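The values are calculated or read from the model by the stated rules, or taken from the named source; none is laboratory data. Keep in mind it's a predicted model, so treat the numbers as computed, not measured. Methodologically, a virtual Cβ is constructed for each residue, glycine included, from the backbone with ideal geometry; neighbour enumeration extends over all protein chains shown. For accessibility, only protein heavy atoms count, side chains too; no ligands or nucleic acids. Shrake-Rupley method; radii C 1.70, N 1.55, O 1.52, S 1.80 Å.
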Amino acid sequence: MIRDCVDHEVLDVTLPAGFAERIAARAHGRRPWRSPRIQWSIGLAALATAAAITAGAGLPRPPADPPVAAEPAAEPRELDGRVRIEEFPQAADEGWVQSDPREDRQVWTTVRRLEGHRHPVRVYVFSGDVTLGGIASEYRDTAKAAGWRSVPSASRGEAVTWTEVGRRHVVLQSEPGLVVYVVTADVDLAWSVRIAEGVSVR
């Protein structure tokens, strides 16, 4: 039965002359105590292995998986005159679009002073191909600031915060393609987050 199977598998396979004898001779040299029947079985196994390798080499390879198309980035939204901040009712009229070398985003900013506070509040609004982690990494000075931490009290989206040279930084992503970045000096965390959450683009 073994011989019939091997004959069928190697019917169209051409092996070098003396291949089986060399295999049997090596096996015999390493294991002199083996019987001729065992040596013949070893030779048959070697032939079957060679046949399988040779036959497999000619089989067509399965096609590679098609490349997965990347999700298209969000297009920048027009921000000039469209930003509203609940804490600063007139912020849209007193903000401006900054020049940005990246064509896949638009940046709007305003500087406002809260009543009873010495230091102004700066608010950035990023629209387009932007993420919370990307803005936080871009604007956090790792040499001066501690690592950021999440703000579980944020009621809209996700937010992170860190402090740097007496200033508090809050980055909030309320929806895909829209990130708000607030910098304050003498405003507590809850109020800073509230300022960020109060940003909307009409």
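Averaged per residue, what accessible surface does region 77-202 expose to a 1.4 Å probe, in Å²? List each step's numbers first, then the result.
Details: 6540 Å² over 126 residues.
Heavy-atom SASA per residue in region 77-202 reads 52 Å².
With the full set of protein chains in place, find how many percent of the accessible area of region 105-202 is carbon and sulfur; take the probe as 1.4 Å.
46 percent
Which whole-number percent is the relative contact order of region 100-165 (Cα, under 8 Å, 6+ apart)? Kindly include the intermediate steps, with their values, before the conclusion.
On the way: 68 pairs, mean separation 14.8, N = 66.
Across region 100-165, relative contact order equals 22 percent.
Within 10 Å of each candidate Cβ there may be at most 15 other Cβ atoms; applying that plus a DSSP loop requirement, which GluC sites (Glu not before Pro) in region 95-164 survive?
Answer by residue number: GLU103, GLU115.
Rounded, prolate or oblate, given the Cα gyration tensor of region 153-202, with a/c below 1.5 counting as rounded? Please list the in-between numbers first.
On the way: a/c = 1.98, a/b = 1.87, b/c = 1.06.
Here region 153-202 falls in the prolate category.
Among rounded, prolate and oblate, which fits region 73-136 when a ≥ b ≥ c are the square roots of the eigenvalues of its C-alpha gyration tensor, a/c under 1.5 means rounded, and a/b larger than b/c means prolate? Could you put the intermediate results ahead of the total?
Values: a/c = 2.42, a/b = 1.81, b/c = 1.34.
Prolate shape, in that a/c is at least 1.5 and a/b is the bigger ratio.
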